[in-house]
Amino acid sequence: MSHFDKVKDYLSELEYSIVKEDRENEVFIVESEEDGIANLMIGIADPIIIIEQYIFDINNNAGEISKQLLIKNRDIVHGAFVLDDEGRRVIFRDTLQVETLDLEELEGTLTSLSLLLSEYTDEIIGFSKN
């Protein structure tokens, strides 16, 4: 079974909706309304799988917001807050080994993101308004 098919099967088993899939580039865009996840990108770049969720843009107070996000990173079980190349877009990102990926490992990352979004919602909204 290909890595693409394995990830697709896991997403289906975890009841994530696949909004878009690109077999040639090995990319999925998925969502789970009940978990608060929308437009989550999952890309396979053998030997890793990259999971990214756009969170918000930093407009002002970049230093203070970045500091708070780095502090919060310590509490995140899987994945972390990162900035894009321009330092403006805040993204949740995790990377996993695709060769040994199993359902529980992918579920752990997705659950971590879901918990982060539910527990840190007020702060994220506040940061996005700055």
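The values are calculated or read from the model by the stated rules, or taken from the named source; none is laboratory data. The structure presented is a predicted model; accordingly, all values stated were derived computationally and were not measured. All Cβ positions, even for glycine, are placed from backbone atoms using ideal geometry, and neighbour counts span all protein chains on display.
For first residues located in region 62-86 and at positive phi, partners that are of a type in the set (Val, Ile, Thr) and surrounded by 12 or more Cβ atoms within 10 Å (Cβ to Cβ) and lie 6+ apart or on another chain with Cβ distances below 9 Å form the pairs Gly79/Ile51; Gly79/Thr95; Gly79/Thr109. If you go through region 17-41 and pick out every residue that is surrounded by 11 or more Cβ atoms within 10 Å (Cβ to Cβ) and closer than 21 Å to Ile124 by Cβ, you end up with 11.
Pairs are defined by a Cβ separation below 6 Å, a sequence spacing of at least 6 or placement on different chains, a first member in region 105-122 that is touching a residue at least 60 places away in the same chain (Cβ under 8 Å), and a second member that is buried (at least 16 other Cβ atoms within 10 Å of the Cβ); the pairs so defined are Leu106/Tyr10; Leu113/Gln53; Leu113/Phe92; Ser114/Asp35. Only residues that are exposed (fewer than 12 other Cβ atoms within 10 Å of the Cβ) and farther than 18 Å from Ile125 by Cβ were counted in region 49-63, giving 1. Filtering Gly108, Gly126 for residues that are closer than 30 Å to Glu13 by Cα and out of contact with any helix residue (DSSP H, G or I) (no Cβ under 6 Å at 6 or more places or on another chain) leaves a single hit, Gly108. Being buried (at least 18 other Cβ atoms within 10 Å of the Cβ) and either at pLDDT 95 or above or of a type outside the set (Val, Ile, Thr) (or both) holds for only one residue in Ser66, Ser112, Ser128, and it is Ser112. For region 1-26, name all the residues that are touching a helix residue (DSSP H, G or I) at 6+ places or on another chain (Cβ under 9 Å) and assigned to a strand (DSSP E or B). The answer is Ser17, Ile18, Glu21. Any residue in region 100-107 that is farther than 26 Å from Ala45 by Cα, surrounded by 13 or more Cβ atoms within 10 Å (Cβ to Cβ) and at pLDDT 90 or above? Looking through region 100-107, none of the residues is farther than 26 Å from Ala45 by Cα, surrounded by 13 or more Cβ atoms within 10 Å (Cβ to Cβ) and at pLDDT 90 or above.
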